[in-house]
Amino acid sequence: MDKEVAIVGCTQTKYEAEKIDLTISELVFEVVKKLHNDLGITNDDVGCVISGSNDFNDGRTIANMAIQDAVGSVRKSESRVSGDGAFAYVYGAMRVLSGEYDTVLVVSHSKCSEGDQNLINNSIFDPYYQRHLGLDQISSAGLMANMYMSKYGISEEQAAKVVVKNRKNATNNPYAHLQKEVSIEDVLNSPMLAYPLKELDFPPYSDGAVAMLLTNAENAKKFTDTPVWLKGYASCTDAYYLGHRTMTDLIGLEFAGKEAYKMAKIEDPVKDLDVAEVFEAFSTHELMIYEALGFCDKGEGGIFIDSGETQINGSIPVNPSGGVLSSNVAMANGLIRVAEIVSQLMGKAEDRQISDAKTGLAYGMNGICSQGNCVLIFGGE
Amino acid sequence: MEGEKMNEELEKKVFRGRIKVPYKHTAGAYVEKFITEIGKNNKIMGVKCPKCNKVFVPPKMICFKCFEKMEEWVEVSKQGTVKGFTVISHSTPVLPLKPPFAYGIITLDGADTDFVHIINESDPKNLRVGMRVEAVFKEKPRKRILDIEYFKPI
């Protein structure tokens, strides 16, 4: 599709470990108000509001009610996606495509610091066969990483290179939570959490919010000279039970990627894409994402990180923002990927700007180990 | 003293809460039979897809590849082969054993899908893909997946 749904502005908070002085509503109000000010609009100019959050994470059901004042949705068209923010974007884009709304506000937030993330992640698993085993995001990542690395002969150094790259990129991103570079040795020497993954192979937990305004072709230029257009989208879920997954390959993402490329007319992703922002939940996960998205052949994620092609100056920079390994805002991560691609394609990514970026990919994910996958392709003016 | 003061400051700023909701999840015929057979008879049961003939362990109603209802019960072995593993060293309030211990992705003999469970081994050096393991059953079953207490290397 071409020039039907535009993103005309994005705002993000600074991501931090524990925003103890700000309520969720205050966090969200910060990004929404800034978006209004940036675009010179008021709440009356917003036709519809879609948010993405998670009840368990917020510790209350219908968590969108906690932010209704902050998004200005009282007595307005409003709905919410319980899941990764990338899916909230998709819902918002569909409201624009319906022709009923000229403008749609899409928001996602998380305060990971308010709940016990290991317990929240344990509840992802079914109550019969998996939950009582005590599985969580760390143990399941360890299983996936070990199986992937054994099958394809990926080394711990190659995994560490992902962390080194993303943490270095984060030093150029003023919003990033962790802004300190780490070395391969730092990663390898950090405490083992789930063999073979160590503490630094995993992201931190971060608090923050992200907002954006969507509109149609008719109105886009009223807001900006550089709207960013949706070109392709696909989603796919893999099997739920870990034993029914192919733990060595991201089959669901592979499918979603192919479908999104078809829609966006991407033939050779490395050539046709200028930048990618992906939800990497742990170091080797990003290598698996390279393979699933066709940036390299199956089993070659390790060689691909060695080649430097995903560095900020490579042929397909991945996570110039620092990615999730630097800022992990559970549930908002996917929408942050979209916001980062928008900054790139608008040419507003400042120190992390990929020069002449015209086409970008954002990947959002739900659940553990890439269970629910959302691939979005965007194009600039 | 410094720590106490910081705690005081924190407590001023937060409301503490806890969601504690008891559930009674309907087990359904598949979970019920699977867990009962483990607890009562120390047997591990799977179901077979009438179309692709794959045996699913643990059992479920629908073969997600064929979209067929599975109704033929098959007993599989208590022994199997490790297809993948990890050893965890982080601690959470819901772990069934004291870490470090291993989780394994295990293909039980006679099953076509993999089974996720615990292996009572704390050193990754003693684990490898392809090794053989056997289920150890709990003496006093509690009607849960942990009625297989863990798998032990054989």
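Values quoted throughout were computed directly from the atomic coordinates according to the rules given, and no laboratory measurement underlies them. Predicted model only: the values in this text are computed from it and were never measured. Positions of Cβ are backbone-derived with ideal geometry, glycine not excepted, and every protein chain shown enters the neighbour counts.
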Seminar exercise, completed: For peptide A:123-134, the mean count of other chain Cβ atoms within 10 Å per residue Cβ is 6
Exercise. Given a Förster distance of 56 angstrom, what is the FRET efficiency for B:E8 paired with A:E4, based on the Cβ-Cβ distance and rounded to 0.05?
Worked result: 0.50
Exercise. Which order do peptides A:190-198, A:333-341 fall in by mean Cβ count within 10 Å, highest first?
Worked result: A:333-341, A:190-198
For this session: Tell me the label-point distance for the pair A:I62, B:D109, using the 7 Å Cα-to-Cβ offset, in nm and rounded to one decimal.
Result: 5.6
Exercise. Separation between the A:S25 and A:D38 pseudo-spin-labels, each 7 Å from Cα along Cα→Cβ, expressed in nm?
Worked result: 2.4
For this session: Starting from the Cα gyration tensor of region A:107-153, take the square roots of the eigenvalues, sort them a ≥ b ≥ c, and report rounded, prolate or oblate (rounded when a/c is under 1.5, otherwise prolate if a/b is larger than b/c, else oblate).
Result: oblate
For this session: Calculate the mean, over all residues of peptide A:240-247, of how many other protein chain Cβ atoms lie within 10 angstrom of the residue's Cβ.
Result: 6
For this session: Only Cα pairs under 8 Å and at least 6 apart count here; give the relative contact order of chain A as a rounded whole percent.
Result: 25
For this session: Would you tell me the mean number of C-beta atoms belonging to other protein chains that fall within 10 Å of each C-beta in A:188-200, as a whole number?
Result: 3
Exercise. Does region A:248-381 come out rounded, prolate or oblate, given a ≥ b ≥ c as the square roots of the eigenvalues of its C-alpha gyration tensor, rounded meaning a/c under 1.5 and, failing that, prolate meaning a/b above b/c?
Worked result: rounded
Exercise. If you find the alpha carbon centre of region A:105-156 and of region B:100-129, how far apart are they in angstrom?
Worked result: 18
Problem set entry | Among B:24-32, A:48-56, the order from most to least packed when residues are scored by Cβ within 10 Å on average | A:48-56, B:24-32
Exercise. Cα centroid distance between region B:20-61 and region A:1-46, in Å?
Worked result: 47
Problem set entry | Packing-based ranking, highest mean first, of A:168-177, B:8-17, A:102-111 given that Cβ atoms within 10 Å are counted | A:102-111, A:168-177, B:8-17
Problem set entry | Angle between chain B longest axis and helix B:28-41 axis [Cα atoms, degrees, rounded to 10] | 90
For this session: Report the full-extension gain for the segment B:C52 to B:D123: residue separation times 0.36 nm, less the Cα-Cα distance, to one decimal in nm.
Result: 21.7 nm
Problem set entry | Computed helical MRE - 222 nm, chain A, DSSP H runs ≥ 4 contributing -39500 (n - 2.57), nearest 500 | -10500 deg cm²/dmol
Exercise. Residue separation times 0.36 nm, minus the C-alpha to C-alpha distance between A:S77 and A:M263: what's the value?
Worked result: 64.1 nm
Seminar exercise, completed: Checked region B:1-116 against the a/c 1.5 cut and the a/b vs b/c comparison, axes a ≥ b ≥ c from its Cα gyration tensor; verdict prolate
For this session: With label points built 7 Å along Cα→Cβ from the Cα atoms of A:T237 and B:K152, find their separation and express it in nm.
Result: 3.9
Seminar exercise, completed: Quick note on A:R131, B:R128, ordering by fewest other C-beta atoms within 10 Å, gives B:R128, A:R131
For this session: Provide the percentage of antiparallel DSSP beta bridges, counting only those with both residues in region A:226-381; round to the nearest 5.
Result: 75
Exercise. Cα-Cα over 19 Å: which of A:K14/A:K168; A:K168/A:K298; B:K24/B:K98; A:K231/A:K358; A:K19/A:K165; B:K125/B:K152?
Worked result: A:K168/A:K298; B:K24/B:K98; A:K19/A:K165
Exercise. Does anyone have the angle between helix A:333-346 and the longest principal axis of chain A? Alpha-carbon axes, 0 to 90°, nearest 10?
Worked result: 70
For this session: Treating the angle as unsigned and between 0 and 90°, give the value, to the nearest 10°, between the Cα long axis of helix A:24-39 and the longest Cα principal axis of chain A.
Result: 60
